[in-house]
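Asker: Structure incoming, see below.
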Amino acid sequence: MESVTTTNLAPVTNKLACYHCGQPCEDEVLKVDDKSFCCLGCKTVFEILSENNLGDYYKLQSAPGQQQLRPSTNFEFLDNEEVRQKLIEFESEGYAKVTLTVPAIHCASCLWLLENLYRINRNIFRTEVNFPRKRVTLFFNPKGIDLKGVVQLLDKIGYPPHITLNAQEEQQRPSYNKKLLLKLGVAAFAFGNIMLLSFPEYLGLAETEQQFKWIFSLLNIALSLPVVFYSAWDYFTSAWKSFRIRQINLDVPLAIGIAALFLRSLYDIYMGTGPGYLDSLAGLLFFLLTGRWFQNLTYENLAFDRDYKAFFPLAVSVESDQGISTSLVVNLQKDHVMLVRNQEIVPADSDLLDEEALVDYSFVTGEARPVLRRRGEHVYAGGRIVGKPARLMVTRRVSQGHLTSLWNNEVFRKSDESRYKRMIDRTATRFTWVILSLAVGSAIFWYLNDASQVWLVVSSILIVACPCALALSAPFTYGNMLRVFGNHHFYLKNADVIERMAQVDGIVFDKTGTITNGSAATVSFKGQLNDGEQELIRALTAGSAHPLSTLIHRHLEGVPQGAVTLNGFNEVPGAGVEGMVNGHHVRIGSGAWLGMEEITTDVQSTRVYASIDGIPKGYFAIGSRQRPGLSELLQKLGKKSLALLSGDNTGDRERMSAIFPQETELRFNQGPQEKLDYIRQQQDNGRHVMMIGDGLNDSGALKQSHVGVAVTDDTGFFTPSCDAILQGSQLPALSEFLQLARQASTIVKLCFIISFLYNVVGLSFAISGHLTPLVAAILMPASSITVVSFTSAAVWFVSRNFQRPRK
């Protein structure tokens, strides 16, 4: 930790640069540990960072901070509860989340400091920085630091957030980097004019015109200065930062190549040995920046498409004067009344209308600890209702991007995600060292054979070699494939899922609600139930999202229903549902759970037993039917179909045996733990397992599997542990989805080969002296354009014959 000494406030006549922000100290210089600061604000930030062992902030970049000469901002308005509610995305007893726009974010030092805020204040758990959009998401303990304290901390260290209460519900498409376009324009202007001024010398000057040679050369130098010191400056600063932190990045060889061209050109002009390579230098920067602009445009388009087209299609029950109907969350409006059942996600910020409800915020915080909410209290989007259903009034329209970010919560990430990203990072680092070694070796060779070629060859090597195409191939291929899957009602959490799907060699199925799709017309009751008892069961099943409960509820729709009171709702996975309805203890579920004797004569249906006040009433016989196209799917999968794991009894064994391949294991009476254990056992045997379930009794198995897919029909129920959501009607297309994932992986590998061949061929020409820096600069972005075009065409080609979405 750097010690803090007495501050010297005496004016200093010589203008020194501020250690924190780099601005000149105009009026007075504040001294701390022989370091100069232009104002009290910059000095204070330095002292805060020093006291918290964050001095590395200044090692990443010289003078990385923002000048603090600004009036102190009054954040008292953040104490207003209405204002807080508009800004806070989530808040519980010991956990809160807020996302703020911080315009001062501008470099790697900013990212490092903001991601280390927890070291300054222990009540901040972590921060996530979106650098392109200059947004910071902070997770903090509201007991230890309130929203105003968080904002004041950001302001104190030089990153004041821009707070507006007119928050837009929809994110706007990101604008292209204006600064990059300005640099590109400067390079283009210089490139054209330097080429124009170089033509006379290229064509030859008469003896009487030689005096113009120096004039043209000086004009070319003047035009090249803004190219080198403005358009190319990011390459130099990036390379310098990498040296400061002892890491080599991809900008190092480019910075060396640009400097080599510029210095060699100055030498040639000064010594009169030639016109130099200033036209090539300006052209080089023009094409490099064009390639960077194209790459940024590609990533922005992918991010925009991901935010708005690849979201999961969550639906919710909405109350109105006409009754209860199902609505997509994107259609929810303020003051709409939602009915959210047990284990369903609350899709929008809302207020509770019932007396009380239990809400599990593990989807947001990762901790499964239900919180009691009472009438009128706020319930945040992302909470899961536990127990009896809850009526909620929407207070803020749903943010689809917020729900997608919840799905990607790090709590639910798998350990083997982003393997291709890690591989690219390792390859890029090694690649840079290889290129630098080749440049040094080639320089020695040409110096010994033809010294005039050294600078040209070295510059060409450093410029033409680029793994940018390698870095673009995977995200662009998987991003395009995400779009294809989404168009066919298969919604993936992120692009990493496609990579894991390509490795799947074993598939495990759940039965009820997954491969079977019941119909209310096939439900019948065997036993004695009067109208009042049917009303009690209908009220109980209204609170459950299980497919069998939904079918029974639909079957009893014609039963007259008056006012009912549901208390003590409890749903036991793999067993059944119980609760107190109008003072009666109602239970439905398996015979073993209810203590009733199992009926074995009716083997063609699934049985759900019922009891009221401990008296057995009979059972509902549900003649579920398999999904259309299931037999064809299982034939295509063949030996990949490992097992059917069902929580039902063995009544369906004969019918399932006729559908599934002989090698497929059929296991019945399987609880959630047995399903998870089976998946783990297969993984221990070297299998890459995909689990297909409904997310009700198999959430643990979905999370344990390499790829967990939740099948849904017309309900908003799903588990955050799943990696994908598949519309039920698209289940027969699962084999095609797996094939597309494998083909996407193949396309990425082909892109790697293309990038490798490009570098081998380009380097061969450069090392042999047959490639100029200007041509190298043209080839560099051309390689990225080639890869992007290839991936787009290849994804279109492999998916062109894919069946259209089922209705």
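Asker: May I ask you to rank Arg607, Arg653 by accessible area, largest first, using a 1.4 Å probe over the protein chains only?
Answerer: I get Arg653, Arg607, largest accessible area first.
Asker: What accessible area per residue comes out for the stretch 76-158, rounded to a whole number of Å², with a 1.4 Å probe?
Answerer: 43
Asker: Please report, as a whole percent, how much of the solvent-accessible surface of the stretch 519-625 comes from carbon and sulfur atoms (probe radius 1.4 Å).
Answerer: Carbon with sulfur: 51 percent of the solvent-accessible area.
Asker: Only Lys, Arg, Asp and Glu count, each charged at its Cβ (+1, +1, -1, -1), so figure out the dipole size of the stretch 76-158 about its Cα centre, rounded to 20 debye. Walk me through the numbers on the way to the answer.
Answerer: Working: 12 positive and 11 negative charges, 75 e Å.
Here the size comes out at about 360 debye.
Asker: Quick check: Cα centre of the stretch 524-587 to Cα centre of the stretch 653-681, how many Å?
Answerer: Value for the Cα centre distance between the two parts: 29 Å.
Asker: May I ask for the net charge around Lys388, where only other residues with Cβ less than 13 Å from the Cβ of Lys388 are counted and Lys, Arg are +1 while Asp, Glu are -1?
Answerer: -3
Asker: Could you look at the stretch 76-158 and say what percent of its accessible area is carbon and sulfur, using a 1.4 Å probe and all protein chains?
Answerer: Its accessible area is 47 percent carbon and sulfur atoms.
Asker: Follow-up question, since we're still on this one. Once the other residues with Cβ under 10 Å from the Cβ of Thr101 are scored (Lys, Arg +1; Asp, Glu -1), what is the net sum?
Answerer: Its environment carries a net charge of +3.
Asker: Now, a different point. Modelling each spin label as a point 7 Å along the Cα-to-Cβ direction, I'd like the Glu663/Asp354 distance in nm, to one decimal.
Answerer: With each label point 7 Å from Cα toward Cβ, the separation is 4.8 nm.
Asker: What are the ³J(HN,Hα) values, in whole Hz, obtained from phi via the Karplus relation 6.51 cos²θ - 1.76 cosθ + 1.60 with θ = phi - 60°, for each residue of the stretch 343-355 in sequence order, with x given for Gly and Pro?
Answerer: Those phi angles translate into 6, 8, 7, 7, x, 9, 4, 7, 10, 6, 9, 7, 4 Hz.
Asker: Here's another thing I want to ask about it. Using the heavy atoms of the protein chains and a 1.4 angstrom probe, tell me the accessible area per residue for the stretch 564-687 in square angstrom.
Answerer: For the stretch 564-687, the solvent-accessible area averages 48 Å² per residue.
Asker: Now for a different question. What number comes out for the charge environment of Glu663, summing +1 per Lys or Arg and -1 per Asp or Glu over other residues with Cβ under 15 Å away?
Answerer: On the way: positive: Lys636, Lys639, Lys640, Arg667, Arg687; negative: Asp505, Glu665.
Taking every Cβ under 15 Å from that of Glu663, the sum is +3.
Asker: Still on this structure, I have one more. Filter the cross-link list Lys388/Lys493; Lys97/Lys703; Lys617/Lys703 down to pairs whose alpha-carbon distance in this structure exceeds 31 Å. Kindly include the intermediate steps, with their values, before the conclusion.
Answerer: Values: Lys388/Lys493 29 Å; Lys97/Lys703 25 Å; Lys617/Lys703 37 Å.
From the list (Lys388/Lys493; Lys97/Lys703; Lys617/Lys703), the Cα-Cα distance tops 31 Å for Lys617/Lys703.
Asker: Right, here's the next one. Top to bottom by accessible area (1.4 Å), largest first, where do Tyr270, Tyr609 land?
Answerer: Numbers: Tyr270 170, Tyr609 5 Å².
If we order Tyr270, Tyr609 from most to least accessible, we get Tyr270, Tyr609.
Asker: For the stretch 731-773, what is the accessible area per residue in Å², given a 1.4 Å probe and the full set of protein chains? Kindly include the intermediate steps, with their values, before the conclusion.
Answerer: Details: 1810 Å² over 43 residues.
Dividing the accessible area of the stretch 731-773 by its residue count gives 42 Å².
Asker: Please list 3J(HN,Hα) in residue order for the stretch 732-746, calculated via the Karplus relation 6.51 cos²θ - 1.76 cosθ + 1.60 where θ = phi - 60°; whole Hz, with x for glycine and proline.
Answerer: Each residue's phi maps through the Karplus curve to give x, 8, 4, 4, 5, 4, 5, 5, 5, 5, 5, 5, 4, 4, 5 Hz.
Asker: Let me ask something additional. With every protein chain present, what accessible area does Leu731 have (1.4 Å probe, heavy atoms only), rounded to the nearest 10 Å²?
Answerer: Leu731 exposes around 0 Å² with every protein chain in place.
The values are calculated or read from the model by the stated rules, or taken from the named source; none is laboratory data. Fair warning: this is a prediction, and the values are worked out from it, not measured in the lab. For neighbour counting, all protein chains shown are included, and Cβ atoms are generated from backbone atoms with ideal geometry for every residue, glycine included. Heavy atoms of the whole protein, side chains included, go into the accessibility calculation; ligands, DNA and RNA do not. Shrake-Rupley method; radii C 1.70, N 1.55, O 1.52, S 1.80 Å.
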